[in-house]
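The values are calculated or read from the model by the stated rules, or taken from the named source; none is laboratory data. In this text, all values refer to a predicted model and were calculated from it rather than measured experimentally. Note that each Cβ is placed from the backbone with ideal geometry, even for glycine, and that neighbours are counted across all protein chains shown. Ligands, DNA and RNA are excluded from the accessible area calculation, which covers all protein heavy atoms including side chains. Shrake-Rupley method; radii C 1.70, N 1.55, O 1.52, S 1.80 Å.
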Amino acid sequence: MNVQKFDLYLEPQNLTELYSLTAEWGSRARIIAGGTDLLVRLKQRTCKPEVLISLKKVKELNEILSKDDGVSIGAAVKLSDLIASPVISEDYPLLVEAALKVGAYQHRSMGTLGGNLCLETRCLYFNQSEFLRESLSVCLKAGGTVCHAVNAQKCFAVYSGDTAPALLALGAKVRIGSLSGERWEELRNIYTGAALNPISLKDGEVLTGVFIGKESAKAGGAYSKLAERISTDFPSLGVAASITLSDRKICQRASLALTAAGPAPFLVEEARNLVGAEQLTEALLEPILKEANKLAVMVKNKTINTGYRRAMIKKMVPAALEMAWEKAMGIKGGCCCNE
Ligand SMILES: Cc1cc2nc3c(=O)[nH]c(=O)nc-3n(C[C@H](O)[C@H](O)[C@H](O)COP(=O)(O)OP(=O)(O)OC[C@H]3O[C@@H](n4cnc5c(N)ncnc54)[C@H](O)[C@@H]3O)c2cc1C
């Protein structure tokens, strides 16, 4: 399958050039980072930009900078470099655990953190070749009038990135840049919650970096992933948990985030009520599970059965929280296995 033709491939050398080009080309251009998702979409004709603007040569976007209060990661840092970074693996093992579960080695060695966070929503009916897509009437996400997953006039495509829930659980912020300046946003704010236009960045804006505040030495994190093929597949559900304990082993901070359970990754706010607890109990887990289930939107648009995916929330949420808690206690060093 050939890549959809485009007119120009541009390689800005610095942020000023990048912002000028994104402003000049607006909606006619697409940012290309590692291209591991975008190139597949160009082949499948689900995206038809006239211009590709690469982030490869912009030095500022390719650095990991350790700071007194945390770490700053350029949007174009490759997942494999993130995984290999001593700073990240030492201080933010939850991010490494999630990044290691992205696709196969080849995807991680080309794919970037920014590209992972800015993934388009996916659907069994949309992410197909043009030929297969058109064997049914064109779906809503591809410009038609109906979502085939639910046979209704609302799109239900799913955000399916692995690193977003880990970064949400870690309370990360993202930097957005454009010709009009730069600003920091909570990561959650870049997701609109609308499957048709899932990322809130405006034309001309680029996600330039991620900042994660310093983690306590008594923090533990875990990422649990459900996928059809463990070796290389998008999540059909992903659960990230982060727990910080005090010296007296009392929970000081708790967060939980899900991916592949709707058009945006999301935080389960109930998890904060674990603060003050000495251990995870059924009674504490119950409202967390209730909220996770309420927020999860699951319809027939993944290969894994919808009922099974929903049932796995009940298994994976406690598993991730328990694993994170044990790591915070210093009991376990491993990672949550793929389900
Ligand atoms: C077979 C296969 C398996 C995969 N499995 C997984 C998986 O298990 N988990 C997973 O999370 N992903 C998976 N992926 C998707 C992809 O490989 C990763 O998500 C990767 O991290 C994407 O990064 P990239 O740099 O290649 O993004 P690109 O393909 O370059 O870009 C992706 C999207 O983000 C936009 N974009 C990129 N960078 C920026 C930026 N800085 N600012 C604004 N917009 C930007 C692009 O315009 C594009 O729309 C898989 C892909 C394939 C083909």
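Below are the figures for this structure:
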quantity	calculated
Long-range amide H partners of residue 208 with built H, under 5 Å	175, 176, 177
Cβ crowding within 10 Å averaged over residues, with 275-285, 164-174, 311-321 ranked highest first	164-174, 311-321, 275-285
Long-range tail of P(r) for segment 203-265 (Cα pairs > 13 Å, %)	73
Gain in span if fully extended, residue 17 to residue 39, counting 0.36 nm per residue against the direct Cα distance	5.6 nm
Per-residue [θ]222 nm for the chain (sum of -39500 (n - 2.57) over DSSP H runs n ≥ 4, rounded to 500)	-8000 deg cm²/dmol
Value of D in µm² per second that Stokes-Einstein yields for segment 167-292, Kirkwood Rh from Cα pairs, at 4 °C (1.567 mPa s)	79
Whether segment 107-191 is rounded, prolate or oblate, judged on the alpha carbon gyration tensor where a/c under 1.5 counts as rounded	prolate
Candidates 46, 163, 121: whichever shows maximal mean-square fluctuation once the chain is modelled as a Gaussian network with Cα springs under 10 Å	46
3J(HN,Hα) from dihedral phi, segment 265-274, Karplus parametrisation 6.51/-1.76/1.60, rounded to Hz, x for glycine, proline	x, 9, 8, 9, 5, 3, 4, 4, 6, 6
Residue 182 paired with residue 214, simple spin-label distance in nm, labels 7 Å along Cα-to-beta-carbon	2.2
Within a Gaussian network of the chain (alpha carbon springs, distance under 10 Å), most fluctuating of 72, 231, 80	231
Overall Cα dimensions of segment 148-190 - principal axes, largest extent first, Å	42, 28, 12
Ellipsoid semi-axes in whole angstrom, largest first, where each is sqrt(5λ) of the Cα gyration tensor of the chain	32, 25, 16
Computed over segment 1-118, the ratio Rg/Rh where both radii use C-alpha atoms and Rh is Kirkwood	1.01
Helical segments meeting 27 Å axial Cα length and Kyte-Doolittle -0.5 threshold in the chain (DSSP H)	306-329
Residues of the chain: accessible area per residue with a 1.4 Å probe, Å²	46
Segment 234-281, accessible surface, carbon-and-sulfur percent (1.4 angstrom probe)	45
Contact order normalised by residue count of the chain, Cα under 8 Å, 6+ apart, percent	16
Whole-Hz ³J(HN,Hα) from phi, Karplus 6.51 cos²θ - 1.76 cosθ + 1.60, for segment 127-137, glycine and proline x	7, 9, 5, 4, 4, 5, 4, 7, 6, 9, 5
Full-stretch length increase - residue 67, residue 138 - with 0.36 nm per residue and alpha-carbon distance subtracted	20.7 nm
Apportionment of accessible area to carbon and sulfur, segment 119-232, percent (1.4 Å)	50
Euclidean distance of C-alpha centroids, segment 32-55 and segment 192-229, integer Å	20
Residue with peak Gaussian network fluctuation, the chain [Cα springs, cutoff 10 Å], from 61, 256, 94	61
Probe 1.4 Å, all protein chains present, accessible-area order of 183, 248, 28, 133, largest first	248, 28, 183, 133
